[in-house]
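All remarks here apply to the structure that follows.
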Amino acid sequence: MTIASTKQDRAAPPQSLPKGSPLGSIDTRRLGFTLLGWTVACLIFFPIFWMVITGFKTEAAAIADPSLIFSPTLESYQEVQARSGYARFALNSVAVAFGSTLLALLIAIPCAYSMAFLPTKRTKGTLLWMLSTKMLPPVGVLMPIYLIFRDVGLLDTRTGLIIVYTLMNLPIVVWMLYTFFKDMPRDILEAGRMDGATTFQEVLFLLLPLTLPGIASTGLLSVILSWNEAFWSLNLTSSKAAPLTAYIASFSSPEGLFWAKLSAASTMAIAPILIFGWMTQKQMVRGLTFGAVK
Amino acid sequence: MATLELKQITKRFDDTDVIKGIDLEVNDREFVVFVGPSGCGKSTLMRMIAGLESATSGDILINGERINEVGPAHRGLAMVFQSYALYPHMTVEDNMGFSMRLAKVPKEQRRQKVLEAAKILQLEPLLDRKPKALSGGQRQRVAIGRAIVRNPSIFLFDEPLSNLDAALRVQMRIELARLHEELDATMIYVTHDQIEAMTMADKIVVLHDGVVEQMGSPMELYHHPRNRFVAGFIGSPKMNFLDVSLEEAGPEGVRIRLPSGRDCTVPVDGSELAVDSPLELGIRPEHLQLDDQGPLSGEIQVLERLGGQTSLYVQMGELVVTIMADGDVAHRVHDMVRFGFDPMRAHLFNSEGTALPSLHQHPLAGLTRRDHRQAAEGSNQ
């Protein structure tokens, strides 16, 4: 029911305030919030907008006075493309982001199931502990992981990155799935058990379909986090398995500040995930508010 | 054929004993109702029978076979949940056919069985709908249909009517009773509503604090409650309890002194009573009669006219006594009334709250609906 009612609940009219209240009329308040929302959105979006614009300028125009009026050119894109294979990096990013997300979900679903439906005294503590691992700066474990990866031959491999990203995102993925699963009525799973479902069938036929919005948004978040990850990809890959974050980085350091080319490269790096996120935003919002609105 | 037997069943959650050793026998085709206040362990007991909860100790036997370690699906039971627990993402047909889908029954056969059950419950026009698009009563029927399809040896109902409104509850109650006749199945039903228990059960099991207070036919519990708890729980409105003192225990019964000072002999066995032991007199509101010569009196505090009946709440000293009187009673609030009762209808409880055994067995106390049915079958032949 939760899934279905979310939309209706949000559409419910706001509670009316008594006339002459100090907060003013609802229309004025709504207008204020709308303006505030747009202002914040514009502020956040501006750097991205500027980056895209800069990508279409010549290198000279890019360092000249900031201006919105210029003659757009694809020069930077051509140079960027000519210099290094964008496709290879993009493919690495896709493989690593989706691979690690899939692996994380495979591990996290059974884990969250047992925590949500068969909790013990230690479940809460375990969840907190898992989250606490996110508070350690990754550089603190860079040396051991680098050495281990070198010794087992995982340096500069997609497999290596997938493993690191999976471990990196696992706490968040488990935590999110746990909250989604907890909102699932137990009765439905028990009814399934009475109907003869094994635990696996229970998860496959009942739990997964019913918490799909939650699982989808968890997966999307994991993909985005993996896509944006730069620290590990820069340190553990060099050429073969380098994803797009390493690709952008290669434009900034060795050649100094070539703003137009850097912008073009960055635009190409974020474009796929931006489009992906835009296409799935409905699912994202639905999943993130899933359970919050009853 | 399906019988159920519980032998010294206990259940312990962490440090609390929820079920404290229950023995119970459910006969074939019997409609047994577990009734009790919330927290008495009735749902836990049912969940243990279903296999959703394990028993801490004791044996659960179905048809004489111990099934403690058998999984819920393999006990041959079907359960209807309080929340219905329909699968929200499946149509009515898929909901009802889910167990067969798991058992890999061919699609055609599945549909056949679902249609059969849908016919019994008048669900045919709704088969393509999802639970969201059904009313409460319809969801309830789908939940029952899902149970019927499994062709279980025993049906389990966990407070199935508590989410329905009053009118629908009465209708579903009748429908369930009809279903019991039609399916001829053993049914176990959990409720906190004593009216549901009284109207549907062949046998009522009254639970309180994890123990069975009494079990028996509805009429037995009504006319011969074993203790004060059962007496107060069964029957609506609740039984009145008055503190009385013992005068004399004889072969005719126990002579007591009423609060008004008058004496009265209740036909119960008082041979084990100690002298001067405090007693409590229990009389049901419907067994109190307005009577100008009656031994008791008080002032009417509240009057509820239901048309056919009138409930009078009468202040008697510190106590408020409920009287169910005729609908045509002309009294008004604050009138003084006198009333009395037939001692045959009265109950006496000792200081432990145990009822003193009645010297007369009520003629209907042994009657169950099964007797009805057997009689009907006999006359048909």
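Where a number appears in this text, it was derived from the coordinates with a stated rule and is not lab data. These numbers were taken from a predicted model, which means no experiment stands behind them. Cβ: placed from backbone, ideal geometry, glycine included. Neighbour counts: every protein chain shown.
Express in nm, to one decimal, how much length is gained between A:Phe200 and A:Ala60 on full extension, taking 0.36 nm for each residue of separation and deducting their alpha carbon distance.
Stretched out fully, the A:Phe200 to A:Ala60 stretch lengthens by 44.3 nm.
Gain in length, A:Leu167 to A:Met279, computed as 0.36 nm per residue apart minus the alpha-carbon separation, to one decimal in nm?
Residue separation times 0.36 nm, minus the Cα-Cα distance, leaves 37.6 nm.
Roughly how big is chain A's charge dipole about its Cα centre, with Cβ charges of +1 (Lys, Arg) and -1 (Asp, Glu), in debye to the nearest 20?
That gives chain A a dipole magnitude of about 720 debye.
At 7 Å along the Cα-to-beta-carbon direction for both B:Glu181 and B:Glu272, put a label point, then send me their distance in nm to one decimal.
Those two pseudo-labels are separated by 4.1 nm.
Using 0.36 nm times the number of residues separating A:Phe231 and A:Lys121, minus their current alpha carbon distance, what extension gain do you get?
Net length gain for the segment: 36.0 nm.
Give me the tail of P(r) for region A:119-174 as a percent: Cα-Cα pairs with distance above 15 Å. Mind dumping the intermediate values first?
Working: 891 of 1540 pairs.
The answer is 58 percent, as a whole percent.
Please determine, in degrees from 0 to 90 and to the nearest 10, the orientation of helix B:107-120 with respect to the longest principal axis defined by the Cα atoms of chain B, where the helix direction is its Cα long axis.
Computed tilt is about 30 degrees.
In what order do B:Asp158, A:Asp183 fall by count of nearby beta-carbon atoms within 10 Å, going from fewest to most?
A:Asp183, B:Asp158
Can you figure out the FRET efficiency of A:Phe46 with A:Lys182, using R₀ = 45 Å and their beta-carbon distance, to the nearest 0.05?
0.70
Sort A:Arg122, B:Arg47 by Cβ crowding within 10 Å, fewest neighbours at the top.
Going from sparsest to densest Cβ surroundings: A:Arg122, B:Arg47.
Using only the C-alpha atoms of chain A, find the volume of their convex hull and express it per residue in Å³.
Each residue corresponds to 205 Å³ of Cα convex hull volume.
Between region A:69-94 and region B:178-239, what is the separation of their alpha carbon centroids in Å?
So the two Cα centres are separated by 79 Å.
Choose one of B:Ser99, A:Leu36, B:Met200: the residue whose Cα lies farthest towards the positive end of the charge dipole of the protein assembly as shown (beta-carbon charges +1 Lys, Arg; -1 Asp, Glu; about the Cα centre).
The listed residue farthest towards the positive side: A:Leu36.
Which residues does the label zone of B:Thr354 cover in region B:228-262, counting backbone N under 16 Å from a point 7 Å along Cα→Cβ?
B:228-231
Which one, A:Tyr165, A:Tyr86, A:Tyr146, has the greatest fluctuation when you compute a Gaussian network model over chain A with C-alpha springs under 10 angstrom?
A:Tyr146
For chain B, I need the span (max minus min coordinate) of the C-alpha atoms along each principal axis, in Å, sorted largest to smallest.
So the extents along the principal axes, rounded to whole Å, are 77, 53, 47.
Across 10 Å bins from 0, what is the distribution of all Cα-Cα pair distances for region B:225-267, in whole percents?
26, 39, 34, 1
Would you mind working out the magnitude of the charge dipole of region B:231-349 relative to its Cα centre, with +1 at each Lys and Arg C-beta and -1 at each Asp and Glu C-beta, to the nearest 20 Debye?
Roughly 320 debye, rounded to the nearest 20.
Can you divide the C-alpha Rg of region B:231-349 by 2.2 N^0.38 Å and report the result to two decimal places?
1.08
For region A:84-289, how many pairs of lysine residues have a Cα-Cα distance under 29 Å, where the two are 8 or more positions apart or belong to different chains?
Summing the qualifying lysine pairs gives 9.
Obtain the nm distance between the two label points defined at B:Ser38 and A:Thr34 by a simple spin-label model: each point lies 7 Å from its Cα along the Cα-to-C-beta direction.
4.5
Using label points projected 7 Å from each Cα along Cα→Cβ, tell me how many nm separate B:Thr16 and B:Glu299, to one decimal.
Inter-label distance under the simple model: 4.3 nm.
Skipping prolines and chain starts, which residues have an amide H placed within reach, meaning under 5 Å, of the one on B:Ser217, given they are 5 or more residues away or on another chain?
Residues meeting the amide H criterion: B:Ile204.
How far is helix B:136-149 tilted off the main Cα axis of chain B, in degrees rounded to 10, range 0 to 90?
Helix B:136-149 and the main axis of chain B meet at about 60 degrees.
Setting aside same-chain residues fewer than 8 positions from B:Lys203, which lysines have a Cα under 28 Å from its Cα?
B:Lys7, B:Lys11, B:Lys20, B:Lys42, B:Lys238
Checking understanding here: applying a Kyte-Doolittle mean of at least -1.0 and a length along the axis of at least 30 Å (C-alpha), which whole DSSP H helices in chain A pass?
The qualifying helices are A:26-55, A:86-117, A:158-182.
Per the Kirkwood treatment, what hydrodynamic radius in Å, one decimal, follows for the protein assembly as shown from the mean inverse distance over all distinct Cα pairs?
That comes to 31.7 Å for the protein assembly as shown.
Looking at region B:4-230, what % of the alpha carbon pairs are farther apart than 29 Å? It would help to have the intermediate numbers written out before the result.
Working: 6907 of 25651 pairs.
More than 29 Å apart: 27 percent of the Cα pairs in region B:4-230.
Taking the alpha-carbon distance from A:Lys57 and a cut-off under 16 Å, which aspartates and glutamates remain once sequence neighbours fewer than 8 residues away in the same chain are dropped?
Cα-Cα hits under 16 Å: A:Asp65, A:Glu75, A:Glu79.
Could you compute the FRET efficiency for A:Gln78 and A:Val152, with r as their C-beta to C-beta distance and R0 at 51 Å, rounded to 0.05?
Plugging the Cβ-Cβ distance into 1/(1 + (r/R0)^6) gives 0.80.
For each of A:Phe205, B:Phe155, count neighbouring Cβ atoms within 10 Å of the residue's Cβ, then give the residues from fewest to most.
A:Phe205, B:Phe155
By how many degrees, 0 to 90 and rounded to 10, does the Cα axis of helix B:369-380 deviate from the longest principal axis of chain B?
It works out to around 70 degrees.
Springs between alpha-carbon atoms under 10 Å, Gaussian network over chain A: tell me which of A:Ser84, A:Ser222, A:Ser67 tops the mean-square fluctuations.
Highest fluctuation among the options: A:Ser67.
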